[in-house]
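The values are calculated or read from the model by the stated rules, or taken from the named source; none is laboratory data. Predicted model only: the values in this text are computed from it and were never measured. Neighbour counts are summed over all protein chains in view; Cβ atoms, including those assigned to glycine, are modelled from backbone coordinates with ideal geometry.
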Amino acid sequence: MSLRIDRELTLAEKSSLRLHLMLCRYCRRCEKQMDMLHRITARRRERGDEEE
């Protein structure tokens, strides 16, 4: 799942991930959490709230 954040997945990888997510509720939950964190950090970056 984290690879899709780093780079574009191949068609085979996308299909495999989609199938796995259909079967695994824990990974679906993890994916939602990762998406939320990604949106939060992107918003903070846009506003310039990054702490250095």
Restricting to region 18-32, give me the number of residues that are surrounded by 10 or more Cβ atoms within 10 Å (Cβ to Cβ) and either touching a Cys at 6+ places or on another chain (Cβ under 7 Å) or among the aromatic types (Phe, Trp, Tyr) (or both). 2
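Within region 6-17, restricting attention to residues that are within 19 Å of HIS38 (Cβ to Cβ) and exposed (fewer than 11 other Cβ atoms within 10 Å of the Cβ), which residue is nearest to the chain's Cα centre (by Cα)?
Pass one, region 6-17, residues within 19 Å of HIS38 (Cβ to Cβ): 6-9, 13-14, 17.
After this cut, where a residue has to be exposed (fewer than 11 other Cβ atoms within 10 Å of the Cβ) as well, the list is 6-8.
Numbers: ASP6: 9, ARG7: 11, GLU8: 12 Å.
Result: ASP6.
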Any chance ARG45 is at pLDDT 95 or above and either in contact with a helix residue (DSSP H, G or I) (Cβ under 6 Å, 6 or more places away or on another chain) or among the charged types (D, E, K, R) (or both): no
